[in-house]
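What follows draws every value from the coordinates through simple rules; no lab data is involved. Everything numeric here is computed off the predicted structure, so don't read it as measured data. Because the Cβ atoms are built from the backbone with ideal geometry, glycine has one as well, and the counts that use them run over all protein chains shown.
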Amino acid sequence: MSENKYDDHINAVLSECPNADREEVREAFAKYESEFYIPPQDALRSIIRRFKGDIAPSSGASSSSNQKSTVSKKVASLTELSDTDKDIEIEVEIISHNLREQTIRGEQKQIAFGLLEDNPWDEGAQRTRWEYKDWGPNSNISPGTVVRIEGASVNEYQGKRSLNINQSTRIAVLREGTRPVVTPGEPIDINSIPNDGYVCVVGRILSSRPDQIHRKDGSGSLDVVRGRMADESGTIGFLSWEPFDHEVGSLVKIDGAQVRTFRDTPELNFGRTTKVELYHDSNFADAESLMEQNIVTISQLRDGSRDVEAIVQITEWTKRSFVRDGQEKFLWSGQIADPSGKCRMSAWEELPINESDLPVTVKVRGVRVRAWQGIPDITVDKADQVEILESTPWDGSIDLSNHVVEVPLTELVNGSSRVGISTQGVVASVREDCGIIMRCTQCRRVLRDGNCNQHGDDEGNQDVRLRLVIDDGMSTSSLLINKEATLNLLNTTEEKIKAEIDSDGQIEFVQRLRGKLLGRLVIASGRTIVDEQGAMILADKTELVEQDPGLISTEIRAQWGVQ
Amino acid sequence: MQSSRSIKRQSAWHMLASEFGESTLNEKGSGEFDPSFVITKLGSKVNRVIVAGLLERLEPRDTANGSVLYQGQIRDPSGVHYFSVGDYASDSMRELTLQLSPKVEGGEPILLLMVAKTRLFQTEEGAIYTSLRPEEACEIDSNRYATWLTKTCQDTLERMKIFTDSLDIEPTIEALTKGNVASHMVEGLVSSRNHYGEIDLEHYNLNIMQALDIAEGKIEAASAPPQQQIVSVSEDDGGDNPDGSDELGDILLDIIKKLDQGEGVDFETLITNASARGFSRSVAEEKIESLSDEGSIHEPAFGWFRIVS
């Protein structure tokens, strides 16, 4: 055990308590470690407190004049703090944590910086977000953790406040983080880039073009560079605010790129502190093969994506006209599909496609993706973004207009909205508003007491639907079953349902439905809408799975060796 | 990040009464609308379960504030779930309770399946009990009960495997995640391993075998003597006892204290409860004998034990 192993910590104590005896401080650290198994970084704050306490009364007024005795200020929210507050105690959630080498007084030091938010326990509450600098840096700070910070101070610079976490500050972890921890300088796969924070990636430049961003206030424009880069795991768009002259095809390492997410699509931002350097790895995939994987399937389309490449089959295509600014304009749109699913496509220029040729397979390049009601819509701005292919790269015999893809429930719930899917789960809830509903005659919203929240009183059109929740033990989704599928599932008619509810009441009707459905495994096909509210499956076909428990039981015994 | 803020519906776990009933740990975030969870020994972190079994009891009870609370219990091959239906339940759930209660009292056998919220509470003496608050329920036939049993066995076996596989890994979120432990189990395993310490899985295996027998229609196995009631004993903060015998003595006394309805507690129940806590039959038998010898317990009728007061 080396004699000076506590030196850094002792210096930290002495800087706070200049009158303390070096040897005594050393002994204190040794005692904490050997007798109480408290490592020096955890003991630091207690020791400082002790030596401050020791000194203050004995040294009297003379020393307190140059060393202000501080009282810990305990606050619940950042807004309670003023510019000069020191020795603050507050509980916060760490949003991001980034390590950085910095030269301080001629010495290379590692410090950390990032964002934190107050009110960490109150999920829905208004939270204030501040930047912080961690001079420790403390090893127990990581994104997603909730910590109590004891002994931080406010730093005010040009009217902006941030929190300084000093070497003597104690960090108590109250809840461990669940966010991925990103080590700086350690490249991560492009497909595992989080939705925010700073990352390091190694990738090949697939495209790069100068662009301009016009300031909204009209005060000029900024030159930027936009492009895409890729590694074997995926591709991502980037936006460089600094000059960026690496050629298409070059392999670069980018450290300290900031991830920003537009709609559902993350994008890398390169700024002043981002380090971009050429990277050498002869085994790294070449541009050509990366370009190929840049081609996405319909299931991978995300709202807000740009520069998308895909091969899809157009199954329906119609021309619409509308009048804007007194001029007639045209828009072509229709259904597209690939083996992963279905969605829509729109074009602002005419494509050489006749309705009689359908289905037509095309390759689209450089297109953007918008989503409407959760359904992705590929937007084609120029006809030359579309190339008509002779044949499909997949088995051409698949009839994509009726093609349904089976997707596990958890994958659906955690993905983006999709069309043409089928999934299964156990019915975990039969909602009390199943059965007959009235829909607004103008917008099809469900009426409440004959009232549409958009169009007011309305006599309504009668409709039938089921509203269930299905569950696979990990994820849940609402399941809305349309009239036709409901009548098929229950083997009944609209009139019979109406008569049953009229004679027995809604509660009894729903209870009978539960008797039929609760706990049953159901397969549903249709489309999904996934948003902040969770996932919703709109089903046009459902069936209950008939199970043979004896058979399943035998399988379980075989699988697990239970005899 | 915004998406993690919105409150998502918690999944319902298929679970046997033994796994749920032995839980003594719960967790709740501090926010008003944070879900609460019960953490089982296997590391299931459950807010909602889907359970089934024979409805054994469903009785009204007057509460202090004048409302009526229905208390009930349903039995599956592994034990009993306790549940209550009060004013907070939905109209449809209360309506169903009113219909079922006289049927149960009349001795009509009812297989019930329910989706319920989990709850854990502690009495003033420190005993910890689990209970359920059904959200939706329905009567089912034996085929659906059997199907529920198979699904529940499958899920329980999977959890047991995940639990056993994770034992070599340090119980922290980082280590378990790195060790590719199924993500829905990670948080529960960390809490469970830190709270329960070492646990014995053998009785879960027995429960599963019996459940599968029933699912296969082997009624003779299914109609074997009913499982003994298993109560939860609050965790002792006492130190580790190498041979565990004094701990066992305390546990046995505690079980008798809790289960004694006046005529004592029968031998088999004591053995089952002790084995549920990892003590073998022979060790437990010996301990019962020695407790009897030292005069801590007495045997008013053959095979029935009471605490000497």
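Report the calculated FRET efficiency for A:Gln533 and B:Gln261 (r = Cβ-Cβ distance, R0 = 60 Å), to the nearest 0.05. Numbers along the way, then the final one.
Working: r = 49 Å, r/R0 = 0.82.
Between A:Gln533 and B:Gln261 the formula returns 0.75.
Candidates B:His203, B:Phe305, B:Ser92 compared by Cα position along the dipole of chain B: farthest toward the positive end lies B:Ser92, with charges placed on Cβ.
Within a 10 angstrom radius of the beta carbon, how do A:Lys382, A:Lys86, A:Lys216 rank from fewest other beta carbons to most?
Working: A:Lys382 11, A:Lys86 15, A:Lys216 6.
Starting with the residue having the fewest Cβ neighbours, the order is A:Lys216, A:Lys382, A:Lys86.
Computed from the C-beta positions of A:Val252 and A:Lys109 and an R0 of 30 Å, the FRET efficiency is 0.65 to the nearest 0.05. Taking a virtual spin label 7 Å from the Cα of A:Leu389 along the C-beta vector, which residues in region A:355-375 bring their backbone nitrogen under 12 Å of it? Under cut-off, by backbone N: A:360-365. Label separation (B:Val68 vs B:Asp34): 3.8 nm, computed from points 7 Å beyond Cα along the C-beta direction. Can you pick out the pairs among A:Lys483/B:Lys8; B:Lys28/B:Lys117; A:Lys133/A:Lys275; B:Lys45/B:Lys117; A:Lys133/A:Lys253 whose Cα atoms lie more than 18 Å from each other? A:Lys483/B:Lys8; A:Lys133/A:Lys275; A:Lys133/A:Lys253, as the Cα separations exceed 18 Å there.
Using a 10 Å cut-off on Cβ atoms, rank the peptides B:110-123, A:257-270, A:217-230 from the highest mean neighbour count down.
Values: B:110-123: 19.9, A:257-270: 18.0, A:217-230: 15.0.
Most protected by this proxy first, the peptides run B:110-123, A:257-270, A:217-230.
Taking 7 Å steps out from each Cα toward its Cβ at A:Ser162 and B:Lys218 produces label points 6.8 nm apart.
Between B:Gly188, B:Gly249, B:Gly107, find the one with the highest GNM mean-square fluctuation for chain B; connect C-alpha pairs within less than 10 Å. In this elastic network of chain B, the residue with the biggest mean-square fluctuation among B:Gly188, B:Gly249, B:Gly107 is B:Gly107.
Please report how far the C-alpha centroid of region B:127-142 lies from that of region A:218-263, rounded to the nearest whole angstrom. Region B:127-142 and region A:218-263 have Cα centres separated by 55 Å.
Is there a simple number for the mean count of other chain Cβ atoms within 10 Å of the Cβ of residues in B:107-113, and what is it? Intermediate results must be reported in sequence, preceding the final value.
Details: counts 0, 0, 0, 0, 0, 0, 5.
Whole-number average of other-chain Cβ neighbours for B:107-113 is 1.
With R₀ set to 25 Å, the beta-carbon distance separating A:Ile213 from A:Glu292 gives a calculated FRET efficiency near 0.20. For chain A, the dipole from Cβ point charges (+1 on Lys and Arg, -1 on Asp and Glu) about the Cα centre works out to 1160 debye, to the nearest 20. Panel order for A:Val380, A:Val446, by other beta carbons found within 10 Å of each beta carbon, from fewest to most: A:Val446, A:Val380.
Note on A:548-561: average number of Cβ atoms from other chains within 10 Å of each residue's Cβ is 6. Think of region A:301-401 as a dipole: +1 on every Lys or Arg Cβ, -1 on every Asp or Glu Cβ, centred on the Cα centre; then among A:Ala337, A:Pro376, A:Leu351, A:Pro376 lies furthest on the positive end. Sorting B:His81, A:His280, A:His9, B:His298 by the number of Cβ atoms found within 10 Å of their own Cβ, with the fewest placed first, yields A:His280, B:His298, A:His9, B:His81.
With a 10 Å cut-off around each Cβ of B:205-212, the average count of Cβ atoms from other chains is 3. Shape summary of chain A, radius of gyration then Dmax from alpha carbon positions: 31.3, 98 Å. Diffusion coefficient of region A:190-293 by Stokes-Einstein, Kirkwood radius over Cα pairs, 4 °C, 1.567 mPa s: 92 µm²/s.
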